[in-house]
1. Taking all protein chains as present, what is the carbon and sulfur share of the accessible area of the range 153-225, in % to the nearest whole number, probe 1.4 Å?
2. Going from most exposed to least, what order do Lys231, Lys250 have by accessible area with a 1.4 Å probe?
3. Name the residues whose placed amide hydrogens come within less than 5 Å of the amide hydrogen of Phe91, ignoring near sequence neighbours (fewer than 5 apart) on the same chain.
4. For Ile248 and Arg65, calculate 0.36 nm times their separation in residues minus their Cα-Cα distance, and state this gained length in nm to one decimal.
5. Quick one: length gained pulling Asp108 to Thr78 fully straight, 0.36 nm per residue minus the C-alpha distance?
6. Which lysines, on any chain, are close to Lys276 with Cα under 22 Å apart, when same-chain ones fewer than 8 places away are left out?
7. Hey, got a sec? Which GluC sites (Glu not before Pro) in the range 138-224 land in a DSSP loop and have at most 16 other Cβ atoms within 10 Å?
8. Counting Lys and Arg as +1 and Asp and Glu as -1, what is the net charge of the other residues whose Cβ lies under 12 Å from the Cβ of Tyr74?
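The values are calculated or read from the model by the stated rules, or taken from the named source; none is laboratory data. Keep in mind that what you see is a predicted model, and the values were worked out from it rather than measured. Every residue, glycine among them, receives a Cβ derived from its backbone with ideal geometry; neighbour counts consider all protein chains shown. For the accessible areas, the whole protein counts, side chains as well, though only heavy atoms, and no ligand, DNA or RNA atoms are used. Shrake-Rupley method; radii C 1.70, N 1.55, O 1.52, S 1.80 Å.
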Amino acid sequence: GLVFGATARPPTGAMAQQFEKFASLAVKAGGAGLAFAAIPGSAYLFWNSCCFNVDAGHKAVVFNRFTGLKEKLYSEGTNIHMPWLEWPYIFNVRAQPFTMPSLTGSKDLQMVNMTIRVLYRPKDTELQSIYRELGMDYQEKVLPSICNEIVKSVVAQFNAGELLAQREAVSREIWLNLVRRAKDFRIEVDDLSITHLTFSSEYTAAVERKQVAQQQAKKAEYEVMRAKEEKKGTIIRAQAEARATEMIGKAMQQDSSWLEMKRIDAAKRVAETLSKSTNRIVLSADSLLLNLYGDAADQSSQNMLKMSK
């Protein structure tokens, strides 16, 4: 029978030469295209490595591999440096908070727990010296030691009562000393405040007992003063009653009309009381002072006059 099939053979002669020429042209064109596309990318990467940004509230110093720290201070914005040869170090020159607790003793040997809050910033014209001598973490190396030292020295000048009563003066004294001390490290201190101030539990209990004792003493003093005033009042009332009795006696010796008026008033009160009673009473009018006329009335008045004498 017949067998139908095909066998692949490589091109030969002129056909092969044309194919090789076309392939070499394609390779050359592709390499040129890749090289052309890589030029702007390389330029962008190079320019990006030459620039660094400084944010608002920050400043930078640059370290050169050959000359060391440059004297120029770089401000906010985009700045240029040499890649591989120079490195920027950016500092925050804003006011920053630093909080530190301290356990110290007062002038009267009482233990005081005090916490201060400091607003500090580096001196922006001395950033090269700060980086050269202290590094980027300058605040962690300087502030804990000088703050603790100054707090202890100032608190030791005041007793416990003065620390509470003169808190603003204590805070100002600590701030002034800290400003002078921080200048040696090229750090500026803008503000300082005492945020926490407590004493030991034993001292607190002693203060409470003292307050209770003072209140009790004031109460006892008040009671004494009250007794003295009551005594004076009793004496004054007794003297007034004696004076009134003396004046009444003298008036009765001169004229018995006052005694007659008193007898009439007594008779009036007796009559009012009897009129309101539901019981029947049979008594002598003379004994009840109801007989205001006649010899019995005159005799009663004479007897009262003699008694007054």
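1. Carbon plus sulfur share of accessible area: 52 percent.
2. Lys231, Lys250
3. Amide H neighbours of Phe91, under 5 Å, 5+ apart: Lys59, Ala60, Val61.
4. 53.9 nm
5. 5.0 nm
6. Lys276 reaches Lys262, Lys268.
7. For GluC sites (Glu not before Pro) across the range 138-224 that sit outside H, G, I, E and B with at most 16 neighbouring Cβ atoms in 10 Å, the list is empty.
8. -2
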